[in-house]
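Student: First the structure, then my questions, so here it is.
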Amino acid sequence: MIKIGDFSKLAHVSIKTLHHYDDLGLLKPVHVDRYSGYRYYEIGQLSRLNRILALKDLGLSLEQVTELLREDLSTAGMRGMLRLKQMDLAAHVEEEQARLLRVEQRLRQLEMDGAPLHNEVAVKDVPAQMTLVAQIVAASEAALLPARASLQTLLWNHLELARLKPATPWFALFDDLPYRETDLELTLAVGVDLRSGQRAGDWQDTPVRLQELPAVPAMASVIHTGDYATLPQAYASLYAWAQSSGYQPAGSYRELYLPEAGVSATPLPLSQAGLIEVQCPVVKASIPISLYSDKKGEPMQPEIVNRPAFKAIGLAYVGRNEHGEIGQMWGRFNERANEIARTNAKEAFGLCFSTLEGPARPGEFEYVASFEVADEKSVPAGMVCRQVPAYKYAVFTHHGRLDNLGETYQFIYNTALAQAGLKPHSDKFDMEVYDKDFIFGSDASRFYIYVAVE
C-alpha cells in the first residue's frame, strides 16, 4: 500500500483533495493507521481516481460524479463522454486549452485501465555526478512543459558560455513531497565534466548553480516508452515493485529524458523525448524488531488462517487515538471483564473497524476491546456488541512491549502485505488477539495481529 503523500504525488492530486474525496465517500483509503493517522491507498485505486478526475473535468459536480460511479459507468462509456468534451473544448478560446490537455491525458490513462504493470525495474549503482541545475516555479500543471523548456534553454545557454557539453541526459529532480496543484517547483539538471580551473563560484550571481549529486548505491530504474501522458504508469510500476520487493524510497526521484542522437547533441524539446527513465534511490525497508522471531532471529512471515464469524462484547472507542485513548480504555475494560458472559476464555480481542457508519472525521475508526460471546442478549451498561464476519486473515506476531506497535502496523500495511502478495479486504478490518502469550510491559510478550485479506 502507499501512504497518502506518495499516492498524492503519483496521482498528481493534492492531499487536501484526497481528504475531500474521502469525506464525500468518493475515494476511501484502504487503511488508516490507528496510531499515526496515516492514510494508505492502493495502486489499483488510481483507476477510480482517474474516473473521478475525468468526470470532474467534464464539468460535472462531485454529487453527479458520485451518482455516475454508483452506476458503474464502463470505460467505453467514459471514453465516449470524454471524446464529446474534447470536441467541445477544441472550439473554445485559448484559455480553455489547458483544460483540453488534462482531458486528453486522463483519456489516455483511462484507456490503460486494467493494463498490467509490466515495466521491468532494475537496481543499479549510480556514481556521483557534477551537474548544472536551474529551478523555476510553475503556476500550475499546465505551465510545466513551457517552464521546463525555458529551463532547458537557460541551462543550454550557460553550457555554451562555459564551453561545456552535456555529459548526461537532461533530467528533472523531484523531492519526495506531496503533489501540489499550484506553485509547482521544477528542477532541471544536466551532468557536466568541468574543464580545468572551473569551480562552483563561476556561476555565482547567475540563475543556475553547480551541484554535485552524491553516488547512489541502489537506484531503482524503469524505462517508459509510451506517451508522456501515461508516464504515471511507469511510476506505478516502480511503486508496485518497491513494495513487493521490500524497498522504500530514499531520496529525490529523477526523470531522465533519453535522447536518440546522444547526450551532447543540440537538445530537442523534452516533451519529444522518445524514452524516459524514471529513477528513485531505494533502501531495504527496515523491519521492526517486533516482527522478528525470538527463536531464530529472522523476520516472521505471515500465517494465513481462516476464522469463522463471531460476536464480541466490550468497550468501544471512536477516534484517531491521538492521546493514547485505546490504552486507557483497555485499563477500564480489564476492570469490568467479569461482567461479560464470554464463551472464549483464552482470548481477548481488539477489533478495529475502519469503515464507520454515519459522519466521521477523516482518519477515524472504531476500536472495541472485547471478549467473544454466544449472543448479544446480555450487554453490560456502556458496552457494545459487534458481529465479526468470517474472513481469511494474514496473521503477524508482535514481539515485546507495545512501545513500537505503531511501527509494526506501518510495516505490515506499507511493506509486508505487498511482499507476501496479499491485498487487504475491502472491509478494511483487522484485530489484535491477546492470549496467554501476552505479558503487559514484558520484552517476552507476544500477541497476534490479524489482517483481513482478499
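Student: What are the residues in region 304-354 that are touching a Ser or Thr at 6+ places or on another chain (Cβ under 6 Å) and more than 20 Å from Tyr391 (Cα to Cα), if any?
Tutor: Within region 304-354, Gly314, Ala341 qualify.
Yes or no, residue by residue, for (1) assigned to a strand (DSSP E or B); (2) under 27 Å from Ile4 (Cβ atoms); (3) touching a residue at least 24 places away in the same chain (Cβ under 8 Å):
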site	(1), (2), (3)
Val379	no, no, yes
His398	yes, yes, yes
Asp403	no, yes, no
Tyr409	no, yes, yes
Ser426	no, yes, yes
Met431	yes, yes, yes
Gly441	no, no, yes
Ala444	no, no, yes
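Student: Regarding Leu68, is this residue open to solvent by less than 60 Å² (accessible area, probe 1.4 Å) and either among the acidic types (Asp, Glu) or farther than 24 Å from Lys9 by Cα (or both)?
Tutor: The answer is yes for Leu68.
Student: Out of all the residues in region 208-217, which are closer than 16 Å to Ser252 by Cα, outside any loop (DSSP other than H, G, I, E, B) and either among the hydrophobic types (A, V, I, L, M, F, W, C) or open to solvent by less than 30 Å² (accessible area, probe 1.4 Å) (or both)? So that I can check it myself, show each step before the final result.
Tutor: The first filter runs over region 208-217 and keeps only residues closer than 16 Å to Ser252 by Cα, leaving 211-217.
Those still in the list that are outside any loop (DSSP other than H, G, I, E, B) too: 211-213, 216-217.
If the condition is that a residue be closer than 16 Å to Ser252 by Cα, outside any loop (DSSP other than H, G, I, E, B) and either among the hydrophobic types (A, V, I, L, M, F, W, C) or open to solvent by less than 30 Å² (accessible area, probe 1.4 Å) (or both), then Leu213, Val216 are the ones that fit.
Student: Do the conditions hold for Gly358, that is, is it within 30 Å of Ile15 (Cα to Cα) and either outside any loop (DSSP other than H, G, I, E, B) or in contact with an Asp or Glu (Cβ under 9 Å, 6 or more places away or on another chain) (or both)?
Tutor: no
Student: Given the criterion within 15 Å of the chain's Cα centre (by Cα), open to solvent by less than 10 Å² (accessible area, probe 1.4 Å) and not polar (S, T, N, Q), identify the matching residue among Leu18, Leu26. Before the answer, list the steps.
Tutor: Details: Leu26 fails: within 15 Å of the chain's Cα centre (by Cα).
It is Leu18.
Student: In this structure, is Arg320 of a type in the set (D, E, K, R), modelled with pLDDT of 95 or more and buried (at least 16 other Cβ atoms within 10 Å of the Cβ)? Steps first, please.
Tutor: Numbers: of a type in the set (D, E, K, R): yes; modelled with pLDDT of 95 or more: no; buried (at least 16 other Cβ atoms within 10 Å of the Cβ): yes.
Answer is no for this residue.
Student: Determine, yes or no, whether Ala416 is modelled with pLDDT under 90, in contact with a helix residue (DSSP H, G or I) (Cβ under 9 Å, 6 or more places away or on another chain) and either on the phi < 0 side of the Ramachandran plot or open to solvent by less than 70 Å² (accessible area, probe 1.4 Å) (or both).
Tutor: Yes; evaluated as a whole, the condition is true for this residue.
Residue-by-condition table, conditions (1) crowded, with 19+ Cβ neighbours inside 10 Å; (2) touching a His at 6+ places or on another chain (Cβ under 9 Å):
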position	(1), (2)
Thr206	no, yes
Ala229	no, no
Ser237	yes, yes
Trp241	yes, no
Ser244	no, no
Leu258	no, no
Ala261	no, no
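Student: With the structure loaded, tell me whether Phe371 is closer than 28 Å to Glu339 by Cβ, modelled with pLDDT of 95 or more and not in a helix (DSSP H, G or I) or whether it fails that test.
Tutor: It is true that Phe371 is closer than 28 Å to Glu339 by Cβ, modelled with pLDDT of 95 or more and not in a helix (DSSP H, G or I).
So that you can scan it fast, the table gives a plain yes or no per residue for (1) within 27 Å of the chain's Cα centre (by Cα); (2) modelled with pLDDT under 85:
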site: Ile52; (1), (2): yes, no
site: Glu67; (1), (2): yes, yes
site: Asp72; (1), (2): yes, yes
site: Thr75; (1), (2): yes, yes
site: His92; (1), (2): no, yes
site: Glu96; (1), (2): no, yes
site: Asn119; (1), (2): yes, yes
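Student: May I pose another question? Identify the single condition in (1) part of a helix (DSSP H, G or I); (2) closer than 23 Å to Ala416 by Cβ; (3) open to solvent by less than 20 Å² (accessible area, probe 1.4 Å) that Ala220 does not satisfy, given that it satisfies every other one.
Tutor: (1)
Student: Can you name the residue in region 246-291 that is among the hydroxyl-bearing types (Ser, Thr, Tyr) and modelled with pLDDT under 80 and, of all such residues, is nearest to Tyr448 (Cα to Cα)?
Tutor: If we take residues in region 246-291 being among the hydroxyl-bearing types (Ser, Thr, Tyr) and modelled with pLDDT under 80, then Ser286 is nearest to Tyr448 (Cα to Cα).
Student: Identify all residues within region 331-344 that are open to solvent by 40 Å² or more (accessible area, probe 1.4 Å), of a type outside the set (S, T, N, Q) and either touching a residue at least 12 places away in the same chain (Cβ under 8 Å) or touching a strand residue (DSSP E or B) at 6+ places or on another chain (Cβ under 8 Å) (or both); write none if there are none. First the steps, then the outcome.
Tutor: Of region 331-344, the ones open to solvent by 40 Å² or more (accessible area, probe 1.4 Å) are 332, 334-336, 338-339, 341-343.
Remaining after also requiring of a type outside the set (S, T, N, Q): 332, 335-336, 339, 341-342.
If the condition is that a residue be open to solvent by 40 Å² or more (accessible area, probe 1.4 Å), of a type outside the set (S, T, N, Q) and either touching a residue at least 12 places away in the same chain (Cβ under 8 Å) or touching a strand residue (DSSP E or B) at 6+ places or on another chain (Cβ under 8 Å) (or both), then Arg332, Arg336, Glu339, Ala341, Arg342 are the ones that fit.
Student: Go through (1) surrounded by fewer than 21 Cβ atoms within 10 Å (Cβ to Cβ); (2) in contact with a Cys (Cβ under 8 Å, 6 or more places away or on another chain) one by one and return the number of the condition Arg34 breaks.
Tutor: Arg34 satisfies all of (1) surrounded by fewer than 21 Cβ atoms within 10 Å (Cβ to Cβ); (2) in contact with a Cys (Cβ under 8 Å, 6 or more places away or on another chain) except (1).
Student: Do we have Ala312 as part of a loop (DSSP other than H, G, I, E, B) and among the aliphatic types (A, V, I, L, M) here?
Tutor: Numbers: part of a loop (DSSP other than H, G, I, E, B): no; among the aliphatic types (A, V, I, L, M): yes.
It is false that Ala312 is part of a loop (DSSP other than H, G, I, E, B) and among the aliphatic types (A, V, I, L, M).
Student: Residues of region 43-65 being under 30 Å from Gln410 (Cβ atoms), out of contact with any Leu (no Cβ under 9 Å at 6 or more places or on another chain) and either open to solvent by 30 Å² or more (accessible area, probe 1.4 Å) or without any contact (Cβ under 8 Å) to a residue 40 or more places away in the chain (or both), which ones?
Tutor: Gly44
Student: Something else now. Kindly check whether there is at least one residue in region 167-175 that is open to solvent by less than 30 Å² (accessible area, probe 1.4 Å), part of a loop (DSSP other than H, G, I, E, B) and under 19 Å from Gly251 (Cβ atoms).
Tutor: Yes; the residues of region 167-175 include at least one that is open to solvent by less than 30 Å² (accessible area, probe 1.4 Å), part of a loop (DSSP other than H, G, I, E, B) and under 19 Å from Gly251 (Cβ atoms).
The values are calculated or read from the model by the stated rules, or taken from the named source; none is laboratory data. Here the structure is a predicted model, which means the values were calculated and not measured. Glycine gets a Cβ as well: all are built from the backbone with ideal geometry, and neighbour counts include every protein chain shown. With ligands, DNA and RNA removed, areas are computed over all heavy atoms of the protein, side chains included. Shrake-Rupley method; radii C 1.70, N 1.55, O 1.52, S 1.80 Å.
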